[in-house]
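A.B. asks: Have a look at this one.
The values are calculated or read from the model by the stated rules, or taken from the named source; none is laboratory data. Computed from a prediction, not measured in an experiment: that's the story for all the values here. Methodologically, a virtual Cβ is constructed for each residue, glycine included, from the backbone with ideal geometry; neighbour enumeration extends over all protein chains shown. Keep in mind that these areas ignore ligands, DNA and RNA; they rest on the heavy atoms of the full protein, side chains included. Shrake-Rupley method; radii C 1.70, N 1.55, O 1.52, S 1.80 Å.
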Amino acid sequence: MKTSLGIVTVLGLSLPAAAHAGISATLGVMAMSNSTKQGGQGTEGSTVLSQTNITWHGSWWGLGLFAQRDNQGKSEVDTAYGPRLELTWNPFYLEYGYAMKLNRSFTDRAIAEQEGAGSMLAIGTRFGLGAAKSTPGVGGLQGLFLQFTYTWRTQTVKTQDGEKLGEAIVQTDGYPLFGIGYGF
């Protein structure tokens, strides 16, 4: 198996939510180039993972939802979504998310779809941009901010093409996310 890896960092734009005190919306993106071959087949191309968070913040914590889309080359798309919990110590935060729904779709093999669940643990930091204000709540920031996160993710695949697997497939990985957000 041959693997080559190059990381390119991309900043995304925030998705504005309705103006309401204590809410933040963020979009983070990770991109890399990869090629994995075994027996002449495998994924090849660029991988782009994006994660969107909508979070309601208290003074040192946050509860919300996340959604991920992971395009792995031209042949695989992974999606996941679920609730998330955040603990904030300005400018740092710790995040836990539970992917209650995980879907992996393929176009280059006999397997069409795999489903399961997953979890993620992340540590990150936020820095205000321009006229952003440091305030209690909203992760300590109100206004536009940059967000840098390192995430450890575990995905557990339990079904394949609608059939339960005898043994679950467990994939773990770690990756940086760089993004932008807005605290209301």
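A.B. asks: Go through segment 68-110 residue by residue and tally those that are open to solvent by less than 40 Å² (accessible area, probe 1.4 Å) and under 19 Å from Val170 (Cβ atoms).
C.D. replies: The number of residues fulfilling the criteria is 13.
A.B. asks: If you take the residues in segment 47-65 that are among the hydrophobic types (A, V, I, L, M, F, W, C) and open to solvent by 10 Å² or more (accessible area, probe 1.4 Å), which one is farthest from Arg126 (Cα to Cα)?
C.D. replies: Residue satisfying both the conditions and the ranking: Val48.
A.B. asks: Pick out the one residue from Gly124, Gly179, Gly97, Gly140 that is under 17 Å from Ala25 (Cβ atoms), modelled with pLDDT under 85 and not acidic (Asp, Glu).
C.D. replies: The unique qualifying residue is Gly140.
A.B. asks: Name the strands (runs of 3 or more DSSP E) wholly within segment 1-78 that hold at least 3 residues that are touching a Phe, Trp or Tyr at 6+ places or on another chain (Cβ under 9 Å) and at pLDDT 60 or above?
C.D. replies: 23-37, 44-57, 61-72
A.B. asks: Among the residues of segment 87-117 satisfying the criterion of being touching a Lys or Arg at 6+ places or on another chain (Cβ under 9 Å) and free of Cβ contacts under 8 Å to residues at least 40 places away in the same chain, which is nearest to Gly162 (Cα to Cα)?
C.D. replies: Thr107
A.B. asks: Is there any pair linking a residue in segment 156-184 that is loosely packed, with under 15 Cβ neighbours inside 10 Å to one that is aliphatic (A, V, I, L, M) and not in a strand (DSSP E or B), with Cβ under 9 Å and at least six apart or on different chains, and which?
C.D. replies: Qualifying pairs under 9 Å: Asp161/Ala110; Asp161/Ile111; Asp161/Ala112.
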